[in-house]
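Comments concern the structure below.
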């Protein structure tokens, strides 16, 4: 028997408001009494066969009970001792940590603890078949792009360049503007913009990575689309349990991928998609 739907909770008015409500114990247990049992980093280097370039990823993850919250960081950016400082610490203390990545991972862990990715909270599971890293990357990309309500000829601003996502958009004849703080070029030699705010006026919809939480660009982006009416779809390994809280408050849909991520295992997996304005929140 399916669990009964949870009573709706009003969406936060801002990211800071969400943090305030967590600290006040309005969304679940008092975070002063919840401690992180395990803190760890996951680092990868990728070079897919048939692709021109490669990349590196590093993710900070915090475990709270059965939940794991994560935030991507620039490889090598975490100072020495940061992981040790998180282990055993109360969530409330980590929500005030000087490192943004720690604050985001702690918020993600707490919200994953109180509202996991399950159907009663609005998550729709999407299976990923077993396969190579590239096969699973492409499968995830298709699942993400399906959340966009765009037509051929329209333009999507892609914030956080993932070549498989661009490939999925190309297969649908959807134009895109690639944007990433690292700059550079795409697999197809296209220049990558570095200032997302300069590109917002040129797109019909925005597809953005959860990494915007860690670098501070999510809240300005969210408030922009609230004013402009543009569609904002988030794909999230970083903050996968955070972003569904903003459905109907600037965010149109979320593809949430909590730890362990698709690139860690060749077996079958699952991601979670949220659509609409409620998501059981």
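Side notes on the structure shown:
Residue-by-condition table, conditions (1) outside the structural domain of residue 189 (by TED's automatic domain parsing); (2) out of contact with any strand residue (DSSP E or B) (no Cβ under 7 Å at 6 or more places or on another chain):
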{"residue": "92", "(1), (2)": "yes, yes"}
{"residue": "97", "(1), (2)": "yes, yes"}
{"residue": "123", "(1), (2)": "no, no"}
{"residue": "126", "(1), (2)": "no, no"}
{"residue": "129", "(1), (2)": "no, yes"}
{"residue": "136", "(1), (2)": "no, no"}
{"residue": "143", "(1), (2)": "no, no"}
{"residue": "170", "(1), (2)": "no, yes"}
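- Residues within segment 147-173 that are out of contact with any helix residue (DSSP H, G or I) (no Cβ under 8 Å at 6 or more places or on another chain) and more than 23 Å from residue 124 (Cα to Cα), tallied: 10
- Being surrounded by 17 or more Cβ atoms within 10 Å (Cβ to Cβ), within 21 Å of residue 274 (Cβ to Cβ) and out of contact with any strand residue (DSSP E or B) (no Cβ under 8 Å at 6 or more places or on another chain) is true of residue 164.
So that you can scan it fast, the table gives a plain yes or no per residue for (1) in the same structural domain as residue 106 (by TED's automatic domain parsing); (2) modelled with pLDDT under 95; (3) within 19 Å of residue 19 (Cα to Cα):
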site: 181; (1), (2), (3): no, yes, no
site: 190; (1), (2), (3): no, no, no
site: 193; (1), (2), (3): no, no, no
site: 196; (1), (2), (3): no, no, no
site: 210; (1), (2), (3): no, no, yes
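- Filtered by the rule that a residue be in a loop (DSSP other than H, G, I, E, B) and within 19 Å of residue 202 (Cβ to Cβ), segment 144-171 gives 148, 149, 150, 151, 152, 153, 154, 160, 161.
- Residue within segment 52-74 that is farther than 25 Å from residue 246 by Cβ and touching a residue at least 40 places away in the same chain (Cβ under 8 Å) present: yes
- Exactly one residue out of 24, 7 is at pLDDT below 95 and either in the same structural domain as residue 186 (by TED's automatic domain parsing) or out of contact with any helix residue (DSSP H, G or I) (no Cβ under 9 Å at 6 or more places or on another chain) (or both): that is 7.
Here's the yes/no breakdown for (1) surrounded by fewer than 24 Cβ atoms within 10 Å (Cβ to Cβ); (2) at pLDDT below 95:
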residue: 222; (1), (2): yes, no
residue: 228; (1), (2): yes, no
residue: 237; (1), (2): no, no
residue: 253; (1), (2): yes, no
residue: 258; (1), (2): yes, no
residue: 270; (1), (2): yes, no
residue: 276; (1), (2): yes, yes
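- Each residue in segment 123-146 was checked for being in contact with a helix residue (DSSP H, G or I) (Cβ under 7 Å, 6 or more places away or on another chain) and within 16 Å of residue 256 (Cα to Cα), and 10 pass.
- Out of 45, 77, one residue alone is modelled with pLDDT under 95 and out of contact with any helix residue (DSSP H, G or I) (no Cβ under 9 Å at 6 or more places or on another chain). It is 45.
- Whichever residue in segment 151-161 is surrounded by fewer than 22 Cβ atoms within 10 Å (Cβ to Cβ) and touching a strand residue (DSSP E or B) at 6+ places or on another chain (Cβ under 8 Å) and, among such residues, is nearest to residue 211 (Cα to Cα): 155
- Of the helices (runs of 4 or more DSSP H) lying entirely inside segment 190-281, those containing at least 3 residues that are within 15 Å of the chain's Cα centre (by Cα) are 211-215, 218-228.
The values are calculated or read from the model by the stated rules, or taken from the named source; none is laboratory data. Just so it is clear, the model here is predicted, and its values are computed rather than measured. Note that each Cβ is placed from the backbone with ideal geometry, even for glycine, and that neighbours are counted across all protein chains shown.
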